[in-house]
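Remarks on the structure that follows.
The values are calculated or read from the model by the stated rules, or taken from the named source; none is laboratory data. These numbers were taken from a predicted model, which means no experiment stands behind them. Here the Cβ positions follow ideal geometry from the backbone for every residue, glycine too, while neighbour counts run over all protein chains shown. For accessibility, only protein heavy atoms count, side chains too; no ligands or nucleic acids. Shrake-Rupley method; radii C 1.70, N 1.55, O 1.52, S 1.80 Å.
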Amino acid sequence: MSIVPEPLTQLPWRVLGILLAIAGFGTLVLYSAAGGSITPWAINQGVRFVIFSGMALLLSRVPLATFARFAFPAYGFVLVALLLVELIGGVAGGSQRWINLGFMQLQPSEFMKPIIVLAVARFYALLPVGEIRRWNAIWPALVLIGVPWALVLVQPDLGTATMIAAGGVTVMFLAGLPLRLFVGSGLTLAAIVPIAFSFLHDYQKNRVLIFMDPESDPLGAGYHISQSKIAIGSGGIFGKGFLKGTQSHLDYLPEGHTDFVFATMAEEWGLLGGVLLIGAFMLLFRWGIGVSLRAQDKYARLVAAGLTTTIFFYVAINLMMVMGLAPVVGIPLPFMSYGGSSMLTVMLCVGIIMAIERSGRRRSRPGNWG
């Protein structure tokens, strides 16, 4: 008999270890960004990680059938919340994204990122196999994705709208829709980009133009990208050393504790730190895709792969953004950027993937036919 209680042995220690390593490193970076102080960022980030980790573990105990049953009701609830944002939402920084609940500011668009995956996956799980190549397999999913996408875009929040669309379209692709549909859609999208550009807000247009040529306005709209590149490049291979960064400590790097936290890290930890961090995220993605491949039903496969891809988009878009490979759209780096909304969303994704993994283990046990 083991001296370790059975509930502890059943916890997903491998993925918890990966998450703890990333979040612990992120807390160190935030400690340095605050000038060697645990307040205000490091301690708050650590507490949030502990709370949200507990939430993810509780979520992992929920039966997979429950997620399937409540996918559409949850989608409808968040959609109503997005409509309420337009009616009574608070405005901050020129954007209308939050509902004031008194004790906290709720941002419904964050919840739509994992829920759009659950809803679209539920639709395709219910769809008969013979319908997958017909129009009836396309337009309902486009409506499910398009309505919240439009509501978030007018807030305006281009980054979150992009994440919602990317998560939903990924599930459509994984469901087995014809490849020509996505090729044709991509060509159509490329054709209407100039038209769509004219409808963007001025600050969004500036982000795109500065992305194309950040040096055209290095002290204005291109300041963020220019300083981020300087911070990353100055770190070299091994970095300047812990607590020895200058770009963030001397306030040259804006948002060095949120959207551009990777640049803060790279300056002090160098290329080595960046490679190790990306490697840790790759292990997380590998785990999520592995859960999807081992899943025994279509809904579980689509959800696990879709939620893993959602986390991947967080990481990929943020890294491309801080390196000047994509426009600045305000996507944080999971477990590294200071803030609770993105961590909550990612831990919701992780918790649901854990539930899928646990469901698969229970089904594979000898004598378990349920």
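Values as computed for the structure displayed
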quantity	calculated
Members of segment 111-137 found to be within 11 Å of Ala175 (Cβ to Cβ) and of a type in the set (Gly, Ala, Ser), listed by number	Ala121, Ala125, Ala137
The lone exception for Leu177 - which of (1) open to solvent by 40 Å² or more (accessible area, probe 1.4 Å); (2) not in a helix (DSSP H, G or I) it fails	(1)
Residue that is nearest to the chain's Cα centre (by Cα) [pool: residues in segment 232-255 that are assigned to a loop (DSSP other than H, G, I, E, B) and hydrophobic (A, V, I, L, M, F, W, C)]	Leu253
Enumeration of residues in segment 56-74 that are open to solvent by 30 Å² or more (accessible area, probe 1.4 Å) and in contact (Cβ under 8 Å) with a residue 12 or more places away in the chain	Leu57, Leu58, Leu59, Arg61, Val62, Pro63, Phe72, Ala74
Meets criteria (at pLDDT 70 or above, open to solvent by less than 50 Å² (accessible area, probe 1.4 Å), at positive phi and not acidic (Asp, Glu)) for Gly186	no
Which numbered condition Arg122 fails, given (1) more than 19 Å from the chain's Cα centre (by Cα); (2) surrounded by 22 or more Cβ atoms within 10 Å (Cβ to Cβ); (3) within 23 Å of Ile317 (Cβ to Cβ)	(3)
Every residue from segment 5-20 that is closer than 24 Å to Leu276 by Cβ and either at pLDDT below 85 or under 18 Å from the mean Cα position of the chain (by Cα) (or both)	Pro12, Trp13, Val15, Leu16, Ile18, Leu19, Leu20
Residue within segment 298-306 that is in contact with a Gly (Cβ under 7 Å, 6 or more places away or on another chain), under 19 Å from Ala161 (Cβ atoms) and open to solvent by less than 20 Å² (accessible area, probe 1.4 Å) present	yes
Among (1) under 12 Å from Ile353 (Cα atoms); (2) out of contact with any Asp or Glu (no Cβ under 9 Å at 6 or more places or on another chain); (3) among the hydrophobic types (A, V, I, L, M, F, W, C) - the single one Ala304 does not satisfy	(2)
Cβ-Cβ under 9 Å pairs, at least 6 apart or on other chains, segment 11-23 side without any contact (Cβ under 8 Å) to a residue 24 or more places away in the chain, far side open to solvent by less than 30 Å² (accessible area, probe 1.4 Å) and not in a helix (DSSP H, G or I)	none
Residues of segment 25-68 satisfying the condition of being assigned to a helix (DSSP H, G or I) and of a type outside the set (A, V, I, L, M, F, W, C)	Gly26, Thr27, Tyr31, Ser32, Asn44, Gln45, Gly46, Arg48, Ser53, Gly54, Thr66
Residue satisfying all of: in segment 336-362; touching a Gly at 6+ places or on another chain (Cβ under 9 Å) and not small (Gly, Ala, Ser); most open to solvent (accessible area, probe 1.4 Å) among these	Arg362
Test: residue in segment 320-342 that is over 28 Å from Ala175 (Cα atoms), part of a helix (DSSP H, G or I) and among the polar types (S, T, N, Q)	yes
Cβ pairs under 7 Å, 6+ apart, first in segment 164-177 and among the polar types (S, T, N, Q), second open to solvent by 10 Å² or more (accessible area, probe 1.4 Å) and outside any loop (DSSP other than H, G, I, E, B)	Thr170/Thr309
Thr264 vs. criteria surrounded by fewer than 20 Cβ atoms within 10 Å (Cβ to Cβ) and modelled with pLDDT of 85 or more	no
